[in-house]
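Report on the following structure.
The values are calculated or read from the model by the stated rules, or taken from the named source; none is laboratory data. What you are looking at is a predicted structure, and each value in this text was computed from that prediction instead of being measured. FYI the Cβ positions are ideal-geometry reconstructions off the backbone, even for glycines, and counts take in every protein chain you see. When the accessible area is computed, the model is the full protein with side chains, heavy atoms only, and any ligands, DNA or RNA have been set aside. Shrake-Rupley method; radii C 1.70, N 1.55, O 1.52, S 1.80 Å.
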Amino acid sequence: MINNIKCIIDARNIDKIYKNGAEELKVLDDVTLKVWQGDFTAILGPSGSGKSTLMNILGCLDLPTSGQYNLDDLDVLTAGENQLATIRNQKIGFVFQKFNLLPRLNAVQNVMLPLLYRGVDEDEARETAREKLTVLGLDDRLNHRPNELSGGQQQRVAIARAIVGSPNLVLADEPTGNLDSKSSRDAINIFKELNRHGHTIVIITHDAEVAEQVDKVFYIRDGKINETGG
Amino acid sequence: MKLKQLFKLVLVNIYQNKVRTFLTTLGVIVGTATIFLVVAIGTGGEAQVNEQYSRLSVGTIMVMPAQRGRVVDPLTIKDADMFAQSEHIAHAFPVLQGNGDINYYNFSTRGGFSAIPPGFQSSNNLTMQYGRILEEDDESKRHKYAVLGAELANTLTDGDPAAIVGEKITINRRQFQVVGVYNRIGDAGSGMGYDDSAFIPYTVGEKYLLGTRANPVITVQAADLQAVQPAMDYITNILNETHRAGGAEQFRLMDAGSRLVAAQESARTMSLLLLAVAVVVLVVSGIGIMNVMFVTVKERTREIGTLKAIGAKKREILGQFLIEAVVISLVGGMLGVLIGFFTVPLLKYFELPALPSISGVLLGLMFSVATGVFFGFYPAWKAAELNPIDALRYE
Ligand SMILES: Nc1ncnc2c1ncn2[C@@H]1O[C@H](COP(=O)(O)OP(=O)(O)OP(=O)(O)O)[C@@H](O)[C@H]1O
Ligand SMILES: [Mg+2]
């Protein structure tokens, strides 16, 4: 049964050590985790526990000090820079805590970008971007720039950008951190909806309430991970 | 990403930073305008030189005393006749020159006069505006006739040169009858100032005006361009033989071809000098672009991190920032060329010969783009090299 489901994230014995002069700071300590196709997962932990560090490694933005990491059967640690860029473009969608929208581009242009980097035709990219924004209820804000949007709306633009290329994996770092409780619930509902449509989702959060709404939770504390709380 | 998309992304960024873009381009604008104008001045200068020399055959050789003043053993009409016998030489004419007071009624001016054999006129492209040329008859019968240069006739008649034909003038108090006025010829590089001279038959000048002070210059026309050197050698030999007292060293041989080349060269040197100034301006403005691009890269570090996170490759970031630098400098370049075009009439007003040219436009734009590429490359490369996670974390 389990053999029929694909393992998207296969991270083993991951250490991340930051060197500060002679001092060494072990931020991730022997982290092993697997996320399967279609999972709706959260990584929960207090501030400073290493969540963002872990997400950056899982998202191929950073490399671990040691360990092994396969993303969708591809060995990330031996991949070259361009290959990693392609992986990020095609297999991963990021939702950043601060949204990280490009301030000079409007909503549609922001959402189009991953497709353009993939080499998709401009018209096609714009059409797809419009669709995604419409699905997320932003059909009347298509040409607004980020500073003309509310936090919740920016969040949805960021989500639209993350899923526009239909990536295998959506990584969201504190996606509700900057939102009030209503927008926060809306955002989680959007992720739920995306998950129902087959997206694999990993939400990183320190908010236990958010963690209650996902199917599976990894707990992280002082760089160590386990699958039971406490 | 497709190049077209990269361009659009760049244009959006530039468009929303119009003021900064304009300030960045100021140096490029000045530099490109300078290059454009330098080329215009250079082209204009060369055109002026060429136009000055166009009437002067490049095969002309002047034989003249090496030093001003008295020569122990002056050239004579016989020398000219001997020169003309060489197969390398088409013809050779002695010319006597002097300065004097020229009077016409109550008009008086200090001017030059030249005593010439009749053949001199056609070989020096002297053509008639009014009246007739000096003829063989005038020479042999020693007629005290004169033909005036256009400018001299103008001065004496206060702008009505036709009126002077048939009238009497005096040169150094000797009377002459004016039989014609030549067309304007310009300073044909001879340094003789034909337009300001009065021309009289050679023998008349020698016997009647100058007497023992006669010290002619001989203008020699080589048979063709290849004959210039052998003709000069031939002349030197003759002079050594016939003027044993002082030898050929008392005389100077000058050929028009090498003077033309020298004049063109000095025009070109001038252009190069100005061009160097323009390049310095562009280098300085390039450093300005580099500064701004560095600031831009710093400002947009998190943006670069985001772009990398959503899949931008190194070369796409490099391309984006390089295109931005080039577009900025190209815009500056085009504005510079435009300003250059509007400045040309101003230069003309100050009598600088400026001639706008395609090569000026191209050179200006080329340099502006090169400035963008050269000085934009390092910041762009720095941006491309950024590690995605460091860029994202940058505050
Ligand atoms: N570049 C770095 N150099 C040195 N130490 C770092 C670096 N980045 C993070 N750290 C340290 O690693 C630890 C974990 O940081 P991380 O950002 O992963 O925490 P987090 O769990 O995401 O916290 P939060 O919930 O506050 O975002 C922290 O103690 C932090 O000081
Ligand atoms: Mg964090």
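Things worth noting here:
- Filter pass, A:Val31 being open to solvent by less than 50 Å² (accessible area, probe 1.4 Å), closer than 26 Å to A:Thr228 by Cα and near ligand 1 (Cβ under 10 Å from one of its atoms): no
- Flag if B:Ile29 is open to solvent by less than 80 Å² (accessible area, probe 1.4 Å), farther than 29 Å from B:Ile358 by Cα, β-branched (Val, Ile, Thr) and in contact with a helix residue (DSSP H, G or I) (Cβ under 6 Å, 6 or more places away or on another chain): no
- One residue from B:Ile339, B:Ile328 being assigned by TED's automatic domain parsing to the domain that holds B:Thr25 and surrounded by fewer than 17 Cβ atoms within 10 Å (Cβ to Cβ): B:Ile339
- For segment A:169-207, the tally of residues that are away from ligand 2 (no atom under 16 Å from the Cβ), of a type outside the set (Phe, Trp, Tyr) and away from chain B (no Cβ under 14 Å) stands at 21.
- Here is the figure for segment A:40-86: residues that are more than 16 Å from ligand 2 (Cβ to nearest atom) and open to solvent by 10 Å² or more (accessible area, probe 1.4 Å) total 20.
- Set B:Leu330, B:Leu338, B:Leu318: member being within 14 Å of chain A (Cβ to nearest Cβ) and out of contact with any Cys (no Cβ under 7 Å at 6 or more places or on another chain): B:Leu318
- The set of residues from segment B:95-126 being open to solvent by 70 Å² or more (accessible area, probe 1.4 Å) and out of contact with any Ser or Thr (no Cβ under 6 Å at 6 or more places or on another chain) comprises B:Asn99, B:Tyr105, B:Asn106, B:Phe107, B:Ser108, B:Arg110, B:Ser122, B:Asn125.
Results for (1) in contact with a helix residue (DSSP H, G or I) (Cβ under 9 Å, 6 or more places away or on another chain); (2) in a loop (DSSP other than H, G, I, E, B), shown as yes or no for each residue.
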| site | (1), (2) |
| --- | --- |
| B:Ala153 | yes, no |
| B:Thr170 | no, no |
| B:Val178 | yes, no |
| B:Arg184 | yes, yes |
| B:Ile200 | yes, no |
| B:Glu206 | yes, no |
| B:Gly211 | no, no |
| B:Thr219 | yes, no |
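- Meets criteria (of a type in the set (Lys, Arg) and open to solvent by 20 Å² or more (accessible area, probe 1.4 Å)) for A:Arg156: yes
- Conditions (1) more than 16 Å from ligand 2 (Cβ to nearest atom); (2) over 15 Å from the mean Cα position of the chain (by Cα); (3) buried (at least 21 other Cβ atoms within 10 Å of the Cβ); number of the one not met by A:Asp15: (3)
- The helices (runs of 4 or more DSSP H) found wholly in segment A:123-230 and carrying at least 2 residues that are within 16 Å of ligand 1 (Cβ to nearest atom) occupy A:208-212.
- Among residues of segment A:34-51 being under 21 Å from A:Asn70 (Cβ atoms) and among the small types (Gly, Ala, Ser), the one that is farthest from ligand 1 (Cβ to nearest atom) is A:Gly38.
- Lone qualifier among B:Ala40, B:Ala80, B:Ala92 - being within 30 Å of B:Thr269 (Cβ to Cβ), of a type in the set (A, V, I, L, M) and open to solvent by less than 20 Å² (accessible area, probe 1.4 Å): B:Ala40
- Taking each residue of segment A:68-83 that is in contact (Cβ under 8 Å) with a residue 24 or more places away in the chain and looking for partners that are hydrophobic (A, V, I, L, M, F, W, C) and open to solvent by 30 Å² or more (accessible area, probe 1.4 Å) with beta-carbon atoms closer than 8 Å, six or more apart or interchain, yields A:Gln68/A:Leu77; A:Tyr69/A:Leu77.
- Any chance B:Leu386 is surrounded by fewer than 16 Cβ atoms within 10 Å (Cβ to Cβ) and not β-branched (Val, Ile, Thr): no
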